Amino acid sequence: GAVVSQHPSRVICKSGTSVKIECRSLDFQATTMFWYRQFPKQSLMLMATSNEGSKATYEQGVEKDKFLINHASLTLSTLTVTSAHPEDSSFYICSARRRGDEQYFGPGTRLTVT
Amino acid sequence: SQQGEEDPQALSIQEGENATMNCSYKTSINNLQWYRQNSGRGLVHLILIRSNEREKHSGRLRVTLDTSKKSSSLLITASRAADTASYFCATDPNSGNTPLVFGKGTRLSVIA
């Protein structure tokens, strides 16, 4: 099956700093990637849809200036959490989809903001 | 936004018993998928059932889909302690570039 990787798997940062998370589709080209966030004991909530070569589409309530998404190539999307605060601590999961095929999920990134 | 609800929210059973989890959704779908997630880990894809299918099996898993009721169930037979995890249903609205929409999940505990 298709593989999607995320880096880093865990990151701890201080409040006010920015953190970049990478999502890569390793064996297929993904014109669209998705970013989800999951708080403890909750489900995955879609944050944004990342489109290669164009602006991301954000879900209602997600601050686009805080969660910067860049999908510069067909295999890489990045999520930058700017000026992170403790309430941004969460599990961030990306997924990539081949047209007409299943959605493949990355292993997730645990962000802890101290 | 989330598509629907899963019930129960939490389920605790003895090893060897069967576990049934239900999922309801709101809009029309192309397919419905079930995932497992161990605590603090990523998602594991379990099974996909298409909108024109009513039942599907994979090992100890049995999934049903009732599109008229907009509901699905996941049955795990002869449960094991290793089945302890959270289980999520996710609906796929179509086969284009749309994201999966997850239910709230069921936390299953299998006691040895």
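The values are calculated or read from the model by the stated rules, or taken from the named source; none is laboratory data. Remember, it's a predicted structure, so these values are computed and weren't measured experimentally. Backbone-built Cβ (ideal geometry, glycine too); neighbour counts: all protein chains shown. Please note that ligands, DNA and RNA were not included when accessible areas were found on the heavy atoms of the full protein model with its side chains. Shrake-Rupley method; radii C 1.70, N 1.55, O 1.52, S 1.80 Å.
Some notes on this structure:
- In order through the range A:76-81: 3J(HN,Hα) via Karplus (6.51 cos²θ - 1.76 cosθ + 1.60), integer Hz, x for Gly, Pro: 9, 10, 10, 10, 10, 8
- Compactness of chain A - radius of gyration and Dmax, Cα, Å: 13.2, 41
- Highest-MSF residue in chain B out of B:30, B:97, B:52 [GNM, Cα springs under 10 Å]: B:97
- The phi-based Karplus calculation (6.51 cos²θ - 1.76 cosθ + 1.60; θ = phi - 60°) puts the 3J(HN,Hα) values of the range B:105-111 at x, 10, 8, 9, 10, 10, 9 Hz, whole numbers, x for Gly and Pro.
- Of all lysines in the structure, the ones whose alpha carbon falls short of 26 Å from that of residue A:64, not counting any fewer than 8 places away in one chain, are A:14, A:20, A:41, A:55, B:104.
- Cβ-isolated cysteines (cut-off 4.7 Å), the protein assembly as shown: A:13
- Inter-label distance, nm, simple model (7 Å from Cα along the C-beta direction), residue B:38/residue A:18: 3.6
- Each of A:8, B:13, B:101 was scored by the projection of its Cα onto the charge dipole of the protein assembly as shown, and the greatest displacement toward the positive side belongs to A:8; charges sit on the C-beta of Lys, Arg, Asp and Glu.
- Rounded D (µm²/s) - the protein assembly as shown, Kirkwood Rh over Cα pairs, Stokes-Einstein at 20 °C, 1.002 mPa s: 119
- Here chain B is treated with +1 on each Lys and Arg Cβ and -1 on each Asp and Glu Cβ, and its dipole about the Cα centre works out to around 160 debye.
- Using the Karplus relation 6.51 cos²θ - 1.76 cosθ + 1.60 with θ = phi - 60°, the per-residue 3J(HN,Hα) values for the range A:56-63 come to 6, 10, 9, 6, 4, x, 9, 7 Hz, with x marking Gly and Pro.
- Accessible-area composition of the protein assembly as shown, carbon plus sulfur, in percent [1.4 Å probe]: 47
- When you restrict to C-alpha pairs under 8 Å that are six or more residues apart and normalise by the size of chain B, the relative contact order lands at 39 percent.
- Ranking A:89, A:114, A:79 by how far each Cα lies toward the positive end of the dipole of chain A (charges on Cβ) leaves A:114 at the top.
- Built from the Cα atoms of the range B:1-92, the convex hull projects on average onto 5.9 nm², one quarter of its surface area.
- At R0 = 25 Å, FRET efficiency that the Cβ-Cβ distance of residue B:27 and residue A:70 yields, to 0.05: 0.25
- Net charge, residue B:79 excluded, C-beta distance under 9 Å - Lys, Arg +1, Asp, Glu -1: -1
- Cut-off 12 Å between beta-carbons: net charge of the residues surrounding residue B:16, Lys and Arg +1, Asp and Glu -1: -1
- For the pair residue B:15 and residue B:47, a Förster radius of 22 Å applied to the C-beta separation gives a FRET efficiency near 0.50, rounded to the nearest 0.05.
- The label-point distance for residue A:41 and residue B:5, in a model that sets each label 7 Å from Cα toward Cβ, rounds to 1.9 nm.
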